[in-house]
Each structure stands twice: as C-alpha cells, then as structure tokens.
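The structure appears below as structure tokens.
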Amino acid sequence: MQSTRITIPHELFATAESSTFSGTLEMERLELGPDEYRFDQPLAWQVDVTNTGDGLLVAGRITGTGTTSCGRCLDDVDVAIDGDVEEYFLLQPPEDDAEKDDDDPDEFEILPDDHVIDMEPILQAAVVLDLPTVPLCSESCKGLCPDCGANLNAESCECAAAREQANREFDQLKNPFSVLQELDLSEHDEEG
Ligand SMILES: [Zn+2]
Ligand SMILES: [Zn+2]
C-alpha cells in the first residue's frame, strides 16, 4: 500500500522539534531519456522533518531497485537506488513578497493549510536524480556488435577482424607504396 503523505503533527510547530517519517513509493514505470525503468518492489523512504523556526526542513533518503536495459548490450540490469530527499516548506507565505510569488511560484514551497505534505513528487525527483546517465550491466560491458548484433559479452563474431582487414586494404589504396614496403624481395634475388 502506497504511503507518501505526511501529516505534520501539532508538536512539530515548535522551533527545533524534529520527527521521523517513513513509507513506501510505488512506481510502475519511469522514462528517462532513452531509458525505461520498471520497479518490481515499492521503494522505501524515510525522512526527518525539522522545524527551523520559519519553516520545515524535510531531509532523508529513498532506496530500492529499478530495472532497465544496459546502455550497451540491452540486457536487463538492476540499478540500486539511494537518493537524497530534501525539501523546505515555509510555515507562512512571506508577507511583502506577494509580487515575487506571482513571478516565480516555484521559488519556495509553503506548508499547505491542512498541514499535509504529499511526498510523491519530491520522492520521484530524488529517484530521477540518483539514476545513472548511462546504465551499464558492468563497467566492462563489451556491448553489441554494430554489424551483426551479436552480444560480445557472450559470443564473438568475425566482424571486427573483417573490419580490420577492410581498413588495411583501404590504407593500402590510399598509400600504394605501402604494398611495396611489405614485399619480400629476397626470393626474387635468388631466382635471378
Ligand atoms: Zn551490458
Ligand atoms: Zn559481428
């Protein structure tokens, strides 16, 4: 059962008071650029909420596992998630800041009137920030052959050798004298 809502209790409205909250976040799918993650288990989160005097600091972690495709070989890869959660909620909207508020409503968060914080967007942002730019099954993943599509971690193919041969022939076309340099002329001496 998903639980991402924090109801701020009365005690937390005193300066320097702090409480710990925890729950789970269910995410089915997450698309991030070319990568698509799925989450078989809910992610676990825990935060400390601290009253700093004029606001509530929400800070903690979200952990779990996401599954996506390796950026090189396309095999499934499990990515461990350990994201930093941090958000600040003002207890009162700043009085003389009404104009600024209109221009940039995202500049700060204000604690809702019902004292309930929905952690879902904050937790999702923390997960996105923690995901790798290029997920890899292993740092040394050899990937797929660009010519025949073979998974080079599991099998080898002739394409690399064939490419090398083609490159050599191309170099010789560019430099016909390289063929002469490779000729062994000693046999001709013996015959003649
Ligand atoms: Zn891989
Ligand atoms: Zn190949």
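The values are calculated or read from the model by the stated rules, or taken from the named source; none is laboratory data. Keep in mind that what you see is a predicted model, and the values were worked out from it rather than measured. Using ideal geometry, Cβ is built from the backbone for each residue, glycine included, and neighbour counts are taken over all protein chains shown. Side chains included, ligands, DNA and RNA excluded: accessible areas come from the protein's heavy atoms. Shrake-Rupley method; radii C 1.70, N 1.55, O 1.52, S 1.80 Å.
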Nearest-0.05 FRET efficiency for residue 113 and residue 153 at R0 = 41 Å, using Cβ-Cβ distance, is 0.15
Please work out how much length the chain gains when fully extended from residue 160 to residue 5, using 0.36 nm per residue of separation minus the C-alpha to C-alpha distance, in nm with one decimal. 50.3 nm
Under a 5 Å amide H to amide H cut-off, with H placed in plane at 1.01 Å, what residues pair with residue 27 once short-range neighbours are removed? 43
Would you please give the FRET efficiency between residue 57 and residue 24, computed as 1/(1 + (r/R0)^6) with r the Cβ-Cβ distance and R0 = 30 Å, to the nearest 0.05? 0.85
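Can you order the peptides 89-95, 141-147 by their average number of other Cβ atoms within 10 Å per residue, highest first? Provide the component values of the computation, followed by the final result.
Details: 89-95: 12.3, 141-147: 14.4.
Descending packing order for the listed peptides: 141-147, 89-95.
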Using a 1.4 Å probe and counting only protein heavy atoms, arrange 39, 13, 21 so the residue with the most accessible area comes first. 13, 21, 39
